[in-house]
Amino acid sequence: MKVLIVDDQEINRLGLVGLLEGAGYTCVQAGSGEQALSVVRDQTDICMVLMDIVMPGIDGLDATREIRSHLGSNHIPIIFVTSADEAEKLELCFEAGGDDFVSRPINPTLLLSRLNAHQRLFSMHANLQESNKELLRHQRETEREHLVVEHVFDNVIKPAMTKCESISTHLSPYSMFNGDLYLAHRNNTGDIYVLLGDFTGHGLSAAIGCMPLADLFYAMAAKSVPVGEIVAEANRKLLKILPDHMFCCMVLMKFNATMDHLDIWVGGMNDIYMVEPSSKASQVIPSQHMPIGILTNEEFDSTSKEYDLASGARIFAYTDGVIEFQDPEGEMFGEDRLREAIEEQEESLIETVLVRLDDFKKGCEQRDDITLVEINTAKAPNDM
């Protein structure tokens, strides 16, 4: 460890040099405050400073202030060497940026003990700074990677998605990347396909499977491929690319051009609600299949169900971030509260659920991705 000794009296400097070098320290000398500043600027490996107070020109207090200003966030311990009649200046020493002091005549044992203590603090500070720099580099690299992935997501998932007055959504990701996947497409024959998926976990790792699934969905929906075939192909693809612990709960719906017929497959998702104007109670379409990305092609069941839809019927689908939302006491929002909100049959099921959820959460933050999808067959899909 290199120590800078600052004193206008050469005999004082030499005495300290002999003591410190005998203890294994490397010493550099400065006979004035000006020289001390020059040494600190030129030699970046200075680890500690022993500073005299009274010197001609720039004294020890001003030199300390200048050193602190030059170093910025970098820290070097500065220990003042004082005489008995300079004791009243100690407060000024600490105000100037000093860390400690030793009094003349110098006690060698005490001085070396102080230096060893500050050496440990200096090493800890240096290690902490290096760790902070490494964390900052990692943060910047992560941000760059996120920007790249976000760009890819924007160019794979969003451009092909079509909008429709018949479909309302609420998407609230827990983090930068959404582990929930919502896709919609109306093809040239007028068929409307809607997909809602919920990948294991959340964030970037959960969103990885969204891109291949979106690519497959748009390609097959454009060709009016039956729901069962799309689901089977999605299962084959995700089973091949996803790690063993990941899968996707999914509902895939296909509406005909007049929106009076629904073909639907539900795997691992929450109940899908069908609300008809003529009925006070909602009809439940339960999940009858395993999520995609788990079973082999031979084990997987891609059988869908078909429903005739009354005019004005509404279909409501959601991910489990809704019912698993917890209030301050740890109680979940739950399916009962959700069903109560849906069966109010307000003009917007989504808005009704969100109002109920906002009243329930009492300021708690969400811990999972939340997606709500409402399809209203009463609204003509002529804007796609």
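The values are calculated or read from the model by the stated rules, or taken from the named source; none is laboratory data. As the structure is a prediction and not an experimental result, all values here were calculated from the model. Positions of Cβ are generated from backbone atoms using ideal geometry, with glycine treated the same way; all protein chains shown enter the neighbour counts. Accessible surface is based on the protein model in full, side chains and every heavy atom, while ligands, DNA and RNA are left aside. Shrake-Rupley method; radii C 1.70, N 1.55, O 1.52, S 1.80 Å.
Observations, loosely collected:
- The relative contact order of the chain comes to 13 percent, based on Cα pairs under 8 Å that sit 6 or more residues apart.
- Accessible surface ranking for Glu165, Glu329, Glu335, 1.4 angstrom probe, highest first: Glu329, Glu165, Glu335.
- Cross-link pairs exceeding 20 Å between alpha carbons, from the set Lys163/Lys361; Lys223/Lys254; Lys163/Lys237; Lys240/Lys305; Lys163/Lys379; Lys163/Lys223: Lys163/Lys361; Lys163/Lys237; Lys240/Lys305.
- Computed with a 1.4 Å probe over protein heavy atoms only, the accessible surface of segment 9-139 comes to 54 Å² per residue.
- Cα gyration tensor category, rounded, prolate or oblate, for segment 7-128 with a/c compared to 1.5: rounded
- Compared with the direct C-alpha span, the chain from Asp301 to Ala257 gains 13.2 nm at full extension, assuming 0.36 nm per residue.
- GNM remark for the chain: springs join alpha carbons under 10 Å apart, and the peak mean-square fluctuation among Glu276, Glu298, Glu346 falls on Glu298.
- The chain - share of DSSP beta bridges that are antiparallel (%, nearest 5): 70
- Among (1) 147; (2) 216; (3) 138, the entry that matches volume of the Cα convex hull per residue in Å³ as calculated here: (2)
- Chain lengthening between Gln326 and Asn107 when straightened (0.36 nm per residue, less Cα-Cα): 72.5 nm
- Coupling constants for segment 346-363 follow from the phi torsions by the Karplus curve (6.51 cos²θ - 1.76 cosθ + 1.60, θ = phi - 60°), and in residue order they are 6, 4, 10, 5, 4, 4, 5, 5, 5, 5, 4, 5, 5, 5, 6, 6, 6, x Hz; glycine and proline get x.
- Ordering Pro108, Gln119, Ser69 by Cα displacement along the dipole of segment 68-120 toward the positive end leaves Gln119 in first place; charges were set at the Cβ atoms of Lys, Arg (+1) and Asp, Glu (-1).
- Accessible surface of Thr189 - all protein chains present, 1.4 Å probe, nearest 10 Å²: 90
- Largest to smallest accessible area among His185, His70 [probe 1.4 Å]: His70, His185
- When the square roots of the Cα gyration tensor eigenvalues are ordered a ≥ b ≥ c, the ratio a/c for segment 238-384 is 1.5 or more and a/b does not exceed b/c, which makes its shape oblate.
- Qualifying trypsin sites (Lys or Arg not before Pro) for segment 203-285 [loop in DSSP, other Cβ within 10 Å: at most 13]: Lys223, Lys280
- Taken about its Cα centre, segment 202-268 carries a charge dipole of roughly 140 debye when the Cβ of each Lys and Arg holds +1 and the Cβ of each Asp and Glu holds -1.
- Once the C-beta distance of Glu91 and Ser131 is scaled by a Förster radius of 45 Å, the resulting FRET efficiency is 0.85 to the nearest 0.05.
- Calculated from backbone phi, Karplus (6.51, -1.76, 1.60) coupling profile of segment 18-27 in Hz, x at Gly/Pro: x, 5, 6, 5, x, 9, x, 7, 9, 10
- Normalised contact order of segment 62-136, rounded percent, pairs of Cα under 8 Å and 6 or more residues apart: 32
- Table column - 3J(HN,Hα) (Hz), segment 57-70, Karplus curve with 6.51, -1.76, 1.60, x for Gly and Pro: x, 6, 7, x, 5, 5, 4, 5, 4, 5, 5, 4, 5, 5
- The dipole here belongs to the chain: it is taken about the Cα centre, uses +1 on the Cβ of Lys and Arg and -1 on the Cβ of Asp and Glu, and is about 900 debye.
- Long-range amide H partners of Gln29 with built H, under 5 Å: Ile5
- Evaluated with a Cβ-only charge set (Lys, Arg +1; Asp, Glu -1), segment 273-341 carries a dipole of roughly 380 debye about its Cα centre, given to the nearest 20.
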